[in-house]
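Values in this text are rule-based calculations from the coordinates and carry no lab data. If you're wondering where the values come from, they're calculated on a predicted model, not measured in any experiment. So basically every Cβ, Gly included, is an ideal-geometry build from the backbone, and we count neighbours across all protein chains shown.
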Amino acid sequence: MSRICRNKKKHTHHRHKSLKGAQPAASDATHPTVGISRGSLRAPMTHVAVSLASMMLAGGTAMAQQAGTDLPTIQVEGQGGDTGYQATGTGISRIPTPLIDTPQTVNVVTQQLIQDQQATTMEQALRNVPGITFSAGEGGNQGDTPFIRGFSARGDMFRDGIRDPGWYTRDLFSIQNVEVFKGPSAFAFGRGATGGAINLSSKLPTIAVPFIEGTITGYSPFGYRGELDAGGRTGNFTGRVQAMGQDIDTAGRDNVWTKRWGVAPSFTYDFTPQTRASFSYLYQGEESVPDYGHPYLPASTYDQNTGQYTGGYNGPGVPVGPVPVSRRNWYGFNSGPLRDIVRTDTHILTGKIEHNFTNDIKLANTTRYMVVDRFVRTTAPRSLVTTKPNPNDPTRPIPLPIDQWTIGRQHFQNQTDNTLIVNQTDLNAKFDTWGLKHTFSGGIEIAQENRTNQRANLCGPTVCRTNVVDPTPQPDLTPVIWQPEQKTTADTFAVYASDQIKINRYFEVMGAIRYDNFSTDYKATDTATLLPINLSRTDNLLSYRVGGVVHPTENSSIYVAYGISYNPTAEFLTLSTSGSSNVNLDPEKNETIEVGAKVDLWGDRLSLTGSIFQIEKTNMRISSDPTDSTAVYILDGKARVQGVEIGATGKITDKWQVFAGYTYLDTEIVRTRNRAELGRHLPNTPPNSATLWTTYAVTPEFTIGGGLFYQDKAYANTTNMIYVPSWVRFDAMASYQVTKAALLQFNIYNIGDEKYYAQYYGGHAVPAAGRYASLSLKMRW
């Protein structure tokens with residue numbers, strides 16, 4: 001094809017004696033690493049990164065060589081002292097308690113799991129976490145779009161505890177762990193966080209001994225990826241750099257490929273043992289082909305007046321799935337000046353100052369500036385035609401066989417530029433009062449986010465059409481006529497505090513509160529009248545969480561937590577004079593209660609968790625009159641999610657590791673004026689989902705592993721008339737320690753070549769990759 005072109009006890013495991021996930025000792029918390037590619041990476045920033053790493057490490061490496069020593073091979077722990085698949089803490093300072101004492105479900109995809117699966121994106125890592133699905137791209141909604149426990153979380157992604165609102169695919173080359181906070185979370189994250197929040201914890205410059213690790217990976221049917229991680233310390237200066245470049249085809253999908261490159265230097269300077277400053281920069285670029293997948297079969301429609309369903313490929317009122325075509329079918333434009341393409345440039349610049357007043361009192365101030373520029377030109381499959389006119393009776397068209405159906409190509413492009421500047425101050429303190437032990441966290445956040453968005457419609461689905469079974473290329477020579485630009489500025493001021501109080505060895509109580517002042521200004525132009533639109537709204541959000549923890553034993557806990565959160569109208573930086581983003585609508589309110597238990601077994605090697613929970617959106621936005629498309633929206637709906645989640649992470653034996661989870665979700669639209677939605681399930685929420693990944697060290701050098709990922713049938717719209725089928729996928733891996741410094745790893749994905757849909761929403765469903773494999777060589781110097 002032509003291209004235009006991841007403070008509990010340390011648990012040893014002999015599998016980690018040499019290279020597998022290992023690196024030199026850390027001054028604070030070490031971070032398993034990945035590496036450098038050989039050959040051209042097509043990304044000029046990669047060469048800069050290699051040079052930077054060389055200069056950074058030259059002094060420390062020379063000293064080690066003069067001393068006649070080799071770089072040591074030692075046991076590695078992740079952030080918070082984590083090893084293997086088990087995490088004991090997170091990278092969020094606002095949740096400072098160990099996981100076993102934290103009264104909510106927290107899933108952590110650790111660096112070791114990321115490496116064993118050779119996961120490269122946040123979405124791939126989160127496939128390990130049950131209860132999370134991903135929506136497909138639609139219109140201006142691009143990049144990562146997760147759902148957590150039935151509710152959209154595309155505005156609830158964070159990096160090192162700071163909101164990450166950019167529309168892009170988050171690569172893991174500079175990420176240590178991926179953390180999912182379910183249950184009541186708004187006290188820590190602010191607006192949104194209905195089902196939970198996602199945090200990416202960065203690899204930080206904490207390694208004392210100089211090192212370089214590199215990985216080169218080849219993929220079938222075509223592709224390669226190279227990674228670098230290097231760091232060291234000299235005097236009071238500790239530095240680290242990661243770099244990445246890739247060019248990979250999507251197996252089983254015609255014309256779909258991804259090029260990505262990036263670099264992430266960082267350093268820390270210790271002014272005194274108590275005071276330090278750190279600086280980091282992340283650049284990630286991407287050029288890829290957007291994938292809008294396949295359309296659905298014709299669905300039934302509901303008559304609000306008669307209460308009857310009509311039409312539908314499977315009969316009135318019977319849900320339908322995607323059109324049964326080959327997984328390879330892709331309906332975009334693969335050539336020419338207006339071909340389908342995505343280009344993103346992401347820059348994240350962060351500065352942080354920390355001071356420890358005592359061992360138990362720490363103050364940190366972080367400033368971040370973020371820019372994400374995204375251009376996308378894509379094709380959405382719309383307007384399926386399944387009949388032909390009947391010359392004898394125009395009211396009864398003649399059905400066509402599927403191989404004669406046609407689909408429209410809605411060809412359009414978007415330019416979206418997003419900036420964020422934020423200053424966040426956090427205070428963590430542990431202290432005693434009258435025999436009570438406090439773990440306190442508080443802070444202030446000031447942020448401004450700006451977003452501009454502009455769209456051009458290139459070709460409508462009635463003009464650009466193709467056969468749905470056998471799509472053929474079609475040139476689109478439509479001139480580009482941009483629509484008026486939309487501009488949004490959102491200002492946030494927040495103050496928050498939480499305190500978890502240990503009454504005695506058995507009982508803890510906690511309370512947390514957060515106040516957000518969220519102000520939005522939206523400017524656009526009415527496309528019909530060409531008159532300016534200037535809208536503003538300010539919301540004052542007071543969220544909180546209360547709960548209690550009981551410790552039957554030292555290594556177990558039973559907890560209950562209750563909290564509220566809000567979804568303001570301009571949560572996604574859009575306002576209007578009508579619809580669900582109406583400027584006059586107050587925030588939606590969510591109430592969450594979770595009861596759970598956690599226990600660490602076998603010398604704290606294996607963590608077991610379980611919870612039951614309920615989330616209620618008590619004033620959901622609904623249309624005041626579903627029969628009138630111009631009717632105003634009101635806050636009179638209600639949605640409910642009830643569920644159960646269980647999990648197991650860690651080591652069953654010294655040689656056997658496991659990461660497993662299962663979630664059951666019972667969802668319902670409890671109150672609405674739309675009878676087609678009343679009593680229906682929430683979209684993007686499979687009732688059952690399960691994951692299992694396990695590895696076994698057959699010998700100190702040879703490790704094998706594998707797992708399964710399962711999701712139940714799930715609906716793609718609120719009327720439940722379209723769905724994606726249930727699916728199960730099997731993966732496997734094997735690694736061999738060739739030498740003390742070299743590790744060879746083989747991964748195979750989707751072994752059964754299962755055809756399933758990894759992303760979906762009401763307009764289309766995107767097939768996941770077919771069976772493919774990767775072979776990686778990891779080296780450490």
Final fewest-first order of 482, 257, 434, 693 on the 10 Å Cβ neighbour count is 434, 482, 257, 693
Heads up, segment 590-745 by the C-alpha gyration tensor (a ≥ b ≥ c square roots of eigenvalues; a/c under 1.5 rounded, else a/b over b/c prolate, else oblate) looks prolate
Here the gain from full extension of residue 343 to residue 631, 0.36 nm per residue of separation minus their alpha-carbon distance, amounts to 99.9 nm
With a Förster distance of 60 angstrom and the Cβ-Cβ distance between residue 314 and residue 742, calculated FRET efficiency to the nearest 0.05 equals 0.65
For segment 640-707, shape from the Cα gyration tensor axes a ≥ b ≥ c, cut at a/c of 1.5 then a/b versus b/c, turns out prolate
Here the gain from full extension of residue 753 to residue 624, 0.36 nm per residue of separation minus their alpha-carbon distance, amounts to 41.8 nm
For segment 394-544, the dipole about the Cα centre with charges only on Cβ (Lys and Arg +1, Asp and Glu -1), to the nearest 20 debye, works out at 300
Expressed in angstrom and rounded, the centroid-to-centroid distance over alpha carbons for segment 287-317 and segment 623-652 is 20
Simple SL model, points at 7 angstrom along Cα→Cβ for residue 281 and residue 656; separation in nm is 4.9
Residue by residue through segment 765-771, the couplings from Karplus 6.51 cos²θ - 1.76 cosθ + 1.60 with θ = phi - 60°, in Hz, x for Gly and Pro, are 10, 9, x, 6, 5, x, 5
Neighbours of residue 522 by Cβ distance under 11 Å: Lys/Arg at +1, Asp/Glu at -1, summed charge +3
Segment 14-780: relative contact order from alpha carbon pairs under 8 Å, six or more residues apart, as a whole percent, is 13
Partner aspartates and glutamates whose C-alpha sits under 20 Å from that of residue 437, ignoring same-chain residues fewer than 8 away, are 101, 360, 426, 499, 508, 554
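Quote the charge dipole size of segment 14-780 about the Cα centre in Debye, to the nearest 20; the model charges only the Cβ of Lys and Arg (+1) and of Asp and Glu (-1).
So the magnitude is around 800 debye.
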Expected vector for segment 692-709, Karplus 3J(HN,Hα) from phi with 6.51, -1.76, 1.60 and θ = phi - 60°, integer Hz, x for Gly and Pro, equals 8, 9, 9, 10, 9, 7, 5, 9, x, 9, 10, 10, 10, x, x, x, 10, 9
For segment 14-780, Rg(Cα) over 2.2 N^0.38 Å is 0.96
Segment 145-193 and segment 392-458 have their Cα centres apart by a whole-number Å value of 10
About its Cα centre, segment 282-400 carries a charge dipole, from +1 on Lys and Arg Cβ atoms and -1 on Asp and Glu Cβ atoms, whose size in debye to the nearest 20 is 260
Footprinting proxy, 100, 481, 361, 148: sorted fewest to most Cβ within 10 Å, the residues are 481, 361, 100, 148
If the chain between residue 392 and residue 359 were fully extended at 0.36 nm per residue, the gain over the current Cα-Cα distance would be 3.2 nm
Hits in segment 363-383: amide N under 17 Å from the 7 Å Cα→Cβ extension of residue 452, namely 370-376
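Does segment 601-654 classify as rounded, prolate or oblate by the C-alpha gyration tensor (a ≥ b ≥ c root eigenvalues; a/c under 1.5 gives rounded; else a/b over b/c gives prolate, otherwise oblate)?
Judged from the Cα gyration tensor, segment 601-654 comes out prolate (a/c at least 1.5, a/b above b/c).
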Looking only at aspartates and glutamates whose Cα falls under 20 Å of residue 388's and that sit 8 or more positions away or on another chain, we get 403, 470
In order over segment 88-105: 3J(HN,Hα) from phi, Karplus 6.51/-1.76/1.60, θ = phi - 60°, whole Hz, x for each Gly or Pro, gives 10, x, 10, x, 9, 5, 6, 10, x, 7, x, 4, 5, 9, 8, x, 6, 7
Pairs over 23 Å Cα to Cα, from 362/502; 259/778; 362/589, come to 362/589
Assertion target for 187, 440, ordered by fewest C-beta neighbours within 10 angstrom first, is 440, 187
